[in-house]
1. Give me the three principal axis extents of the range 17-91 from the C-alpha atoms, as integers in angstrom, largest value leading.
2. Expressed as a rounded percentage, what relative contact order does the chain have, with Cα pairs under 8 Å and six or more residues apart?
3. With +1 assigned to the C-beta of every Lys and Arg and -1 to the C-beta of every Asp and Glu, and no other charges, what is the dipole magnitude of the range 38-79 about the Cα centre in debye, to the nearest 20?
4. Taking the chain as the reference, fit the longest principal axis to its C-alpha atoms, fit the long axis of helix 7-20 to the helix C-alpha atoms, and give the angle between the two in degrees, 0 to 90, nearest 10.
5. Can you give me the % of accessible surface on the chain that is carbon or sulfur? Probe 1.4 Å, all protein chains present, nothing else counted.
6. Can you pull out the trypsin sites (Lys or Arg not before Pro) in the range 49-88 whose DSSP state is coil and whose Cβ has at most 10 other Cβ atoms within 10 Å?
7. Taking chymotrypsin sites (Phe, Trp or Tyr not before Pro) that fall in a DSSP loop and have at most 16 other Cβ atoms within 10 Å as cut points, what is the longest piece of the chain between them?
8. Probe of 1.4 angstrom, ligands and nucleic acids ignored: what's the accessible area per residue over the chain, in square angstrom?
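The values are calculated or read from the model by the stated rules, or taken from the named source; none is laboratory data. Predicted model, so just to flag it, every value in this text is computed and none were measured. Here the Cβ positions follow ideal geometry from the backbone for every residue, glycine too, while neighbour counts run over all protein chains shown. Accessible surface areas use protein heavy atoms only, side chains included; no ligands, DNA or RNA. Shrake-Rupley method; radii C 1.70, N 1.55, O 1.52, S 1.80 Å.
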Amino acid sequence: MTAATTPEMAMLIAERTLEKYAKDYFPRLSQISISFRGDRAEQYNYDKIRPLGNARLQGKTVVAVEGQSTKTGKTALYRIECNSWNLIEVLEVLEEISPSGAG
């Protein structure tokens, strides 16, 4: 959350993100990828994420989705957000997910 974002605004953005994802992204999982937000794209090597399931709320304002990197193939939990142009963007990797059976 940026300094200019109030807790109320952050909750509204989270709600909008969940609604947009459920309506426009989830039904087309096999057809879409989500890019990192412009100011973070270089940090993540301009990767794109293939979402693997439903988006979910973590806490009150963080929306997360499990996804797979199109560059590395690794699965992780990613923070997503609906921007002012009504597009979903990836903000950060929240947690890498180990493949089953890895030890």
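1. 28, 25, 24
2. Numbers: 177 pairs, mean separation 24.5, N = 103.
Averaging sequence separation for qualifying contacts and normalising by length gives 24 percent for the chain.
3. Roughly 120 debye for the range 38-79.
4. The two axes meet at around 50 degrees.
5. Result for the chain: 49 percent of the exposed heavy-atom area is carbon or sulfur.
6. Numbers: sites: 56, 60, 71, 74, 79; in loops: 60, 71, 74.
Of the trypsin sites (Lys or Arg not before Pro), the ones in loops of the range 49-88 whose Cβ has at most 10 other Cβ atoms within 10 Å are 60.
7. Working: sites that count: 46, 85.
That gives 1-45 as the longest site-free run.
8. Details: 6610 Å² over 103 residues.
Each residue of the chain exposes 64 Å² on average to a 1.4 Å probe.
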